[in-house]
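First up is the structure itself, then whatever we jot down about it.
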Amino acid sequence: KGMARKSNTLAALAINTSIALRESWLTDSAIRVITDVLPLPDILAIKRGDLLTTLSEAQLQKGLVAEAEKSAEGALLILTALADTTELNEKIVMALKQKGILERIKGAYTQSVQSLKMALSIYTYQNRNAAKIHIELGKSYEAMGPADEALRHYQRALSYVAPVNPADPFSNPAPAQVYAENTIMEALDAKAPALVKKYRSPSDIKYLEAAVNCYDLAFDTERKLMQYLSYDESKLLMLKTSRKRSSRAINLCWQLQQLTGNTHWAEKAFLFAEKSKAFVLLESIRRNIAHSPVQNDSLYQRVQFLQLQLSLVERTIMEKNQSKATAGLSLLHQQKSELEGQLLLAQTAFSRNNSSYYNALNRQDSFSVPLLKEQLLDKRTSMLEYFYGDSVVYFFSFAGDKPPVLLKADEHLSQATDSFLRFFTDKNQINNAPEAYQAAAYALYHALGFPAIDLAGTRQLIIIPDGPLNLVPFEALTTWSSALKNPRLFPYLMLEQQLTYGYSAATLLKQQEHNKIPAGSIAAFAPVFASGEKGQSPLTHTIGELNGIQQQQPKGNYFREKEATLHNFRAISPNAGIIHIASHAYADTTGATQPAIIFYDSTLYLQELYGMPVRADLVVLSACETGIGTINKSEGAMSLARGFYYAGAKNIITSLWNVEDKSSAEIFNGFYQSLSGSDYQQALYKAKLHYLNTSSNASPYYWAGFIHIGHERPASGRYPFVWMLFTGIASLLILYIITKRKRPTTFNSTP
């Protein structure tokens, strides 16, 4: 009896735990919890059936359709053989709902409707479980064609969990009435496409507007749900749905803009794009800002200690997996689980016991186009933001006082991007085929929509890339096609605009609140690897790089060769205003290995950065591939640069490919010579321009790989004479070339 009681208690616990894990998108753990308990003896049949239904739901979330179908069939076989009770009926209803979902996935729509109707006939309550069945029934009807019947079920579902009129498809809850309930989000997400199906002519525009409202409210609900997710991994998985919602909403806004000619829809579309862009990174910035006043809090220090311990254990697990060493791996996984539990408890205790931190973290930030223009943009600063939708690439232009512009990128953008990036896979590609490079650079400039954008008067241009564009050095695009063969004379975009980059407009805006460490204190590292330490090729020019920096920035900590250790980096970097690392780094865009940067004694992996406190105003990564990594649709490149930004750095200078140490040293010596205060964007621009004008090899391969991420709005009149002189010289050169070859002036696109 004691064993049976224990088995059934564990079964009930496993069901509840699996549901919580699944709603946190920790699907693998949700499946494992159930499969660990199922073999136990003496589990009651009703509990075993419930276990199988719960397992089926987790398997379906994972995409294991065949396994989910087998589990659901097993659940129904067990449950329908039992005597009728109220508790049993509830379990059968959940199993029938799962059966109906799986039938719809297989295309058996009629059977799906029958299963779901049977579930509703048994289950007479008007609660969230009934609402979920109505949502699935609506989806099955919609798959069969008619939108009216689907809408009726979606609206009924919404009425069970929110104050709306169940008979009116235009009735939605007010923003203040939505709360952290995923059924509300699911009903709104399902209702929007059904409303769109009702649109037949411009007189039906109200259906499109109502659908946009559904997506707005679904985002509001999702953000409230996000507050209860403790792990970034869970948020990243949830953001896959968010990204699809953004794409559909932007498509609607585009359609409404075409129908009405109202720029309001361009602004609305931009806000939808921002909702699923760098959300996890934005959350990390909010945490870092909230942490600033509580650095000496004992609970905060415990959180930092546990994060460091956890990162060290994760690092050891990763190294063992890479070397296929299994000894001690089970114990390490156990330590990892224990540390995760301790960290979650410490974070919760810290949040509850420190009211200033709690209030700062939970403060609702406002984000709007007027605020963006006020804080980031001015008459000389414009912004371009790109968004890769399901089938179309959109971009948003913000220039001066003009209203935002929403356009579609050229349909050949993907091909143009690939053709351009191939020139940066080898240092000789551009010099070997200068005319082909110019053609590719101009084709991408054209495909990105630049000729359709009014950037007159713009001197600074903020680029918010998306998808593959995270790998593109926009400075190296050419603004027209010429027959020149000398890369020094190409009409680069950099000659017309001073560029900087961001992960999203919201992250740039939020970083303005960051309490930075003054930039005067520098911590610089150059392991050199003169004798091939750690199997690395020597970086002899990095010694000169650090020596040049020290001449310009004498106050600081400089670590060369044996002193450039990960231990010293961890000890010094939390209090440095500028961090400069000249070393080897590696990235893998396939996700097979973690991005890493090499110190003299050890390796710093991306995962470790997520738990480190970095308060530097600037981090310079003078190393290869620090700005690339696996492209996450919502978060961008999962790179070392993003890791430092996540950890708290306000500005990053990073690389997009295998940079050369000699040209890197020249560029950064020029950077620090030009640096005044925190004008990082301008200093990098000057250093690149100087290199282009004076170096023996002016190919963009050597200077365009380094980009600046971050932005500070310039004070009025901050553009110095030197900048204007450089621009004037470039303009005169271009004017001279134009007299030899006429520049094309038309843009034959229909965005």
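The values are calculated or read from the model by the stated rules, or taken from the named source; none is laboratory data. Bear in mind the structure is a predicted one, so any value in this text is a computation, not a measurement. Here the Cβ positions follow ideal geometry from the backbone for every residue, glycine too, while neighbour counts run over all protein chains shown. In case anyone asks, the SASA skips ligands and DNA or RNA and just uses the protein heavy atoms, side chains included. Shrake-Rupley method; radii C 1.70, N 1.55, O 1.52, S 1.80 Å.
Numbers below:
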read-out: Subset of region 19-35 (residues that are of a type in the set (Ser, Thr, Tyr) and either in contact with an Asp or Glu (Cβ under 6 Å, 6 or more places away or on another chain) or at pLDDT 90 or above (or both)); value: THR35
read-out: Residue among GLY627, GLY636, GLY591, GLY643 that alone is small (Gly, Ala, Ser) and over 28 Å from PRO538 (Cα atoms); value: GLY636
read-out: Inter-residue pairs, beta-carbon under 8 Å, first of a type in the set (Gly, Ala, Ser) and in region 345-357, second open to solvent by less than 70 Å² (accessible area, probe 1.4 Å) and not in a helix (DSSP H, G or I), 6+ apart; value: none
read-out: Every pair of residues 6+ apart whose Cβ atoms lie under 6 Å, when the first sits in region 389-405 and is within 14 Å of TRP254 (Cα to Cα) and in contact (Cβ under 8 Å) with a residue 60 or more places away in the chain while the second is open to solvent by less than 40 Å² (accessible area, probe 1.4 Å) and assigned to a loop (DSSP other than H, G, I, E, B); value: VAL393/ALA409; PHE396/PRO404
read-out: THR593 over 22 Å from ASN669 (Cβ atoms) and open to solvent by less than 20 Å² (accessible area, probe 1.4 Å); value: no
read-out: Only one of GLY636, GLY629 that is under 22 Å from ALA278 (Cβ atoms) and touching a Ser or Thr at 6+ places or on another chain (Cβ under 8 Å); value: GLY629
read-out: In region 320-363, the residues that are open to solvent by 60 Å² or more (accessible area, probe 1.4 Å) and farther than 29 Å from MET226 by Cβ; value: ASN321, GLN322, SER323, LYS324, THR326, ALA327, SER330, LEU331, GLN334
read-out: Residue match in region 409-416 (condition: hydroxyl-bearing (Ser, Thr, Tyr) and open to solvent by 60 Å² or more (accessible area, probe 1.4 Å)); value: yes
read-out: Residue that is nearest to ILE184 (Cα to Cα) [pool: residues in region 221-236 that are open to solvent by 50 Å² or more (accessible area, probe 1.4 Å) and in contact (Cβ under 8 Å) with a residue 12 or more places away in the chain]; value: LYS224
read-out: Hits in region 181-216 - residues which are in a loop (DSSP other than H, G, I, E, B) and either of a type in the set (Val, Ile, Thr) or in contact with a Gly (Cβ under 9 Å, 6 or more places away or on another chain) (or both); value: none
read-out: Criterion: more than 25 Å from LEU376 (Cβ to Cβ) and open to solvent by less than 30 Å² (accessible area, probe 1.4 Å) - qualifying residue of THR565, THR540; value: THR565
read-out: Tally, over region 655-673, of residues that are farther than 15 Å from GLY544 by Cβ and crowded, with 19+ Cβ neighbours inside 10 Å; value: 4
read-out: Residue that is surrounded by the fewest Cβ atoms within 10 Å (Cβ to Cβ) [pool: residues in region 241-293 that are among the basic types (Lys, Arg) and within 24 Å of LEU509 (Cα to Cα)]; value: ARG287
read-out: Residues of region 406-433 classified as farther than 19 Å from ILE250 by Cα and within 23 Å of the chain's Cα centre (by Cα), total; value: 4
read-out: Residue ranges of helices (runs of 4 or more DSSP H) in region 38-115 with at least 3 members more than 19 Å from HIS134 (Cα to Cα), among the hydrophobic types (A, V, I, L, M, F, W, C) and open to solvent by 10 Å² or more (accessible area, probe 1.4 Å); value: 45-62, 65-79
read-out: Residue match in region 158-180 (condition: assigned to a helix (DSSP H, G or I), at pLDDT 95 or above and among the acidic types (Asp, Glu)); value: no
read-out: Test set (1) under 31 Å from the mean Cα position of the chain (by Cα); (2) small (Gly, Ala, Ser); (3) more than 15 Å from LEU217 (Cβ to Cβ) - ALA162 fails condition number; value: (3)
read-out: Top-ranked residue of region 596-634 - restricted to ones that are among the aromatic types (Phe, Trp, Tyr) and in a loop (DSSP other than H, G, I, E, B), ranked as least open to solvent (accessible area, probe 1.4 Å); value: PHE599
read-out: Residue that is touching a Leu at 6+ places or on another chain (Cβ under 6 Å) and either surrounded by 23 or more Cβ atoms within 10 Å (Cβ to Cβ) or at positive phi (or both), where the choices are ALA187, ALA192, ALA150, ALA157; value: ALA187
read-out: When residues of region 457-483 are limited to those that are polar (S, T, N, Q) and farther than 21 Å from GLN681 by Cβ, the one surrounded by the fewest Cβ atoms within 10 Å (Cβ to Cβ); value: SER481
read-out: When residues of region 116-127 are limited to those that are open to solvent by 80 Å² or more (accessible area, probe 1.4 Å) and among the hydroxyl-bearing types (Ser, Thr, Tyr), the one modelled with the highest pLDDT; value: SER121
read-out: Exclusive hit being open to solvent by less than 70 Å² (accessible area, probe 1.4 Å), at pLDDT 95 or above, under 30 Å from ARG287 (Cα atoms) and among the hydroxyl-bearing types (Ser, Thr, Tyr), set TYR386, TYR437; value: TYR386
read-out: Among the residues listed as GLU103, GLU69, the single one being of a type in the set (Asp, Glu) and touching a Leu at 6+ places or on another chain (Cβ under 6 Å); value: GLU69
read-out: Looking only at region 418-434, and only at residues there that are touching a residue at least 40 places away in the same chain (Cβ under 8 Å) and under 15 Å from SER482 (Cβ atoms), the one that is surrounded by the fewest Cβ atoms within 10 Å (Cβ to Cβ); value: PRO434
read-out: Filtered residues of region 12-32 (kept if under 21 Å from LEU79 (Cα atoms) and crowded, with 21+ Cβ neighbours inside 10 Å); value: ALA14, SER18, ILE31
read-out: Scope region 526-543; condition closer than 12 Å to ALA665 by Cβ, in a helix (DSSP H, G or I) and in contact (Cβ under 8 Å) with a residue 24 or more places away in the chain; matching residues; value: HIS541, THR542
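Matching residues to (1) free of Cβ contacts under 8 Å to residues at least 12 places away in the same chain; (2) among the small types (Gly, Ala, Ser); (3) buried (at least 19 other Cβ atoms within 10 Å of the Cβ); (4) not in a helix (DSSP H, G or I):
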{"position": "LYS485", "(1), (2), (3), (4)": "no, no, no, yes"}
{"position": "MET494", "(1), (2), (3), (4)": "no, no, yes, no"}
{"position": "LEU509", "(1), (2), (3), (4)": "no, no, yes, no"}
{"position": "ALA524", "(1), (2), (3), (4)": "no, yes, yes, yes"}
{"position": "GLU545", "(1), (2), (3), (4)": "no, no, yes, no"}
{"position": "ALA571", "(1), (2), (3), (4)": "yes, yes, no, no"}
{"position": "ILE581", "(1), (2), (3), (4)": "no, no, yes, yes"}
